Amino acid sequence: MLAIKTEGLSKYFNNKKAVEDLNLQVPEGVIFGYLGPNGAGKTTTIRLLLSLAKPTKGRAYILGENISKSRNYLKKIGFLPEVPSFYNFFTAKEFLNFISDISGMVKPNKKIEEMLQLVELNKEKKRIGTYSRGMKQRLGIAQAILSDPPLLILDEPTSALDPEGRKETLDLIASFKGQKTVFFSTHILGDVEKICDMVGIIKEGRLVLNDSIENLKKSHSKRTLFIEVDKPKKLMETLQYLNWVEEMSPVNKNGIILQVKDLQFAQKSLPEILSKENILLNKWELKEPTLEDIFLEVVHNGN
Amino acid sequence: MVTKLMKKEWNEYLKTGKFYILLFVFIFFAILSPITAKFMPEFIKSLSQEITITVPPPTWRDSFVQFSKNLNQIVFIVIVLVFLGSVAEEKNHGTASLVAAKGIDRRKWVFSKFLFQILFSLAMLTIAFFLCFYYAKLLFPETQFYLAFSSTVLFAVYLFFILTLTIFSSSIGNSMLQSAGIFFAIFIILNILNIIPQVNPYNPMTLPSIENQWIASKVAWGNTIKPIISTVLLSLILIFSGAAYFHKQEL
Ligand SMILES: Nc1ncnc2c1ncn2[C@@H]1O[C@H](COP(=O)(O)OP(=O)(O)OP(=O)(O)O)[C@@H](O)[C@H]1O
Ligand SMILES: [Mg+2]
């Protein structure tokens, strides 16, 4: 079953299409990274999924339930808002007590202690109003997972954290793999690369990609070659007239990065050319694209 | 769920000091009312020794004239200002969306706030009434319980309406300021409508003047059925439409 599925989900603000014809598919149990530049529509998508905003068009299903039918599905979701704000007059412990109360948890005290320890707020006796943004974000994570919901929706969970806090949070999210579905938005590619199974990329309100990281790397890459030869100039002159070469750029002294249409074809043709032109091959490498390469490619070229 | 949410309101009122503000205002004006009624005329006399002003001797009724005046002015303003942000400020601050995203029925959330506010206010009003009555009896032994009590009950009906208007305004507005605008706009329109004799008997805004008439002469529940029933109906419309609006609103 899909944890999140949307069909043509759209949200317009006046004429601004914040989310347009979104068809998301997030299988159960995966860690899903929702990537996009500023203003792409990530927060708007999340607000739609939580019924905090009304869709202009389209439908969404969460854990099999049509979200416009009833709001009961929300009880199965832990949510961390982009800018966490809580009741400033409570302490962290009092606030989690309130959350456990309204989530209908029985005997929550042990769990609350555990959570406070997990986000390192167990010794904090001050009111939430005095917290730093990072402390609030950590409390936000604690309240999201407190009642042990099967689906977590986190809007930029690491944005305000220091490097250590970020690593701990990512490790925590990664530890849910297979047990919970985690849908989180972020700008930070490294975070996605480290812990996600799947990724969705949204650009100007449209989903330009929704795939597993594995597939993504397979399909998007492996068409980039790095070669080092003794006469790079001569080789580039020859290659520029060939139609299977898409892009070419010199690197370092003798290196060339090649984007090719068909990798296997290139693997066969290149040696021929090299021997015909009497060029020595020193190094040959298939380049793994980083997620950043893919992200930039997708965001700049559409798909 | 409603009691759990009310418990949070209670904690909030204790921790933010709203509880003490309201407690102080109610108690202060409850005690002050009979005292001013008793000593104000003498005080005025003592100020003007050259010209002799004839001030009628104070009666026990003046205690409750003062009490009603204070309730309708200062206590009214304080209550409205304290309660007006209850929903709107949570929307503005983002805690409303947090609670809504937990799957809490938003209508219950609004009702729990209203229920807390009305119970809290009625408790305060009860304390204030008995304090005022105690001091009035002390200063004016002939003070009548039935009239004093009845006029306070009538004020409670009016207060019920004001609280529903407050929660309605708070549910519609997205900030304290917007809600205040909505509240006072409706409040002023109702007061203007009160000039029209045909609307008058159905207008909640007639209740304070009826209260004053009672205090000046005698209790007449029979003639007050119409405004009471229409006030209660209007209140129910306000609270239900406010909650329904908030239920559908984007947060
Ligand atoms: N309430 C609103 N009214 C009008 N426009 C809005 C509203 N909310 C969002 N938008 C617009 O919709 C677009 C998407 O906004 P959104 O907040 O979803 O972006 P985002 O991907 O979360 O960006 P960021 O990475 O900066 O958080 C933006 O152009 C924004 O200006
Ligand atoms: Mg955002």
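The values are calculated or read from the model by the stated rules, or taken from the named source; none is laboratory data. Keep in mind the model is a prediction, meaning the values are calculated, not measured. Every residue, glycine among them, receives a Cβ derived from its backbone with ideal geometry; neighbour counts consider all protein chains shown. Calculation scope for accessible area: heavy atoms of the full protein, side chains included, ligands and nucleic acids excluded. Shrake-Rupley method; radii C 1.70, N 1.55, O 1.52, S 1.80 Å.
With the requirement that a residue be over 20 Å from B:GLY242 (Cβ atoms) and either among the aliphatic types (A, V, I, L, M) or at pLDDT below 85 (or both), what does region B:174-192 give you?
Matches in region B:174-192: B:ILE192 only.
Of all residues in region A:8-44, which are open to solvent by 60 Å² or more (accessible area, probe 1.4 Å), closer than 20 Å to A:PRO149 by Cα and in a strand (DSSP E or B)?
Keep residues of region A:8-44 that are open to solvent by 60 Å² or more (accessible area, probe 1.4 Å), which gives A:13-17, A:21, A:23, A:25, A:28, A:38-39.
Right, trim to closer than 20 Å to A:PRO149 by Cα and you get A:25, A:28.
Hit for region A:8-44 is A:GLN25, nothing else.
Residue by residue, here is whether (1) more than 10 Å from chain A (Cβ to nearest Cβ); (2) crowded, with 19+ Cβ neighbours inside 10 Å; (3) basic (Lys, Arg) holds:
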| position | (1), (2), (3) |
| --- | --- |
| B:ASN11 | no, no, no |
| B:LYS38 | yes, yes, yes |
| B:SER46 | yes, no, no |
| B:VAL80 | yes, yes, no |
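Against the definition (modelled with pLDDT under 95 and open to solvent by 50 Å² or more (accessible area, probe 1.4 Å)), how does B:TYR202 come out, yes or no? Taking the combined requirement at face value, the residue satisfies it.
For A:GLU28, indicate whether it is farther than 27 Å from B:ILE104 by Cα, at pLDDT below 95, out of contact with any helix residue (DSSP H, G or I) (no Cβ under 7 Å at 6 or more places or on another chain) and of a type outside the set (Gly, Ala, Ser).
Values: farther than 27 Å from B:ILE104 by Cα: no; at pLDDT below 95: yes; out of contact with any helix residue (DSSP H, G or I) (no Cβ under 7 Å at 6 or more places or on another chain): yes; of a type outside the set (Gly, Ala, Ser): yes.
Against the criterion (farther than 27 Å from B:ILE104 by Cα, at pLDDT below 95, out of contact with any helix residue (DSSP H, G or I) (no Cβ under 7 Å at 6 or more places or on another chain) and of a type outside the set (Gly, Ala, Ser)), A:GLU28 does not qualify.
Tally up the residues in region A:45-63 that are farther than 17 Å from A:PRO150 by Cα, more than 10 Å from ligand 2 (Cβ to nearest atom) and either within 12 Å of chain B (Cβ to nearest Cβ) or in a helix (DSSP H, G or I) (or both), please. First the steps, then the outcome.
First, the residues of region A:45-63 that are farther than 17 Å from A:PRO150 by Cα: A:45, A:47-48, A:51-60.
When the remaining residues are screened for being more than 10 Å from ligand 2 (Cβ to nearest atom), the result is A:48, A:51-60.
In the following step, the residues that additionally are either within 12 Å of chain B (Cβ to nearest Cβ) or in a helix (DSSP H, G or I) (or both) were identified as A:48, A:51-56.
Number of matching residues: 7.
Does A:ASP197 satisfy being over 19 Å from A:LEU48 (Cβ atoms), in contact with a helix residue (DSSP H, G or I) (Cβ under 8 Å, 6 or more places away or on another chain) and within 16 Å of ligand 1 (Cβ to nearest atom)? Spelling it out, it is not the case that A:ASP197 is over 19 Å from A:LEU48 (Cβ atoms), in contact with a helix residue (DSSP H, G or I) (Cβ under 8 Å, 6 or more places away or on another chain) and within 16 Å of ligand 1 (Cβ to nearest atom). Applying the criterion of being open to solvent by less than 10 Å² (accessible area, probe 1.4 Å) and away from every other protein chain (no Cβ under 14 Å) to the residues of region B:88-115, the residue that is nearest to B:LEU138 (Cα to Cα) is B:VAL110. The criterion of at least 3 residues that are within 16 Å of ligand 2 (Cβ to nearest atom) is met, among strands (runs of 3 or more DSSP E) falling completely within region A:127-243, by A:151-155, A:181-186, A:198-203.
Cβ separations smaller than 9 Å between residues 6+ apart or across chains give the following pairs from region A:177-191 residues that are within 14 Å of chain B (Cβ to nearest Cβ) to residues that are aromatic (Phe, Trp, Tyr) and more than 13 Å from ligand 1 (Cβ to nearest atom): A:PHE183/A:PHE32. Of all residues in region A:45-63, those that are surrounded by fewer than 22 Cβ atoms within 10 Å (Cβ to Cβ) and either of a type in the set (A, V, I, L, M) or within 11 Å of ligand 1 (Cβ to nearest atom) (or both) total 3.
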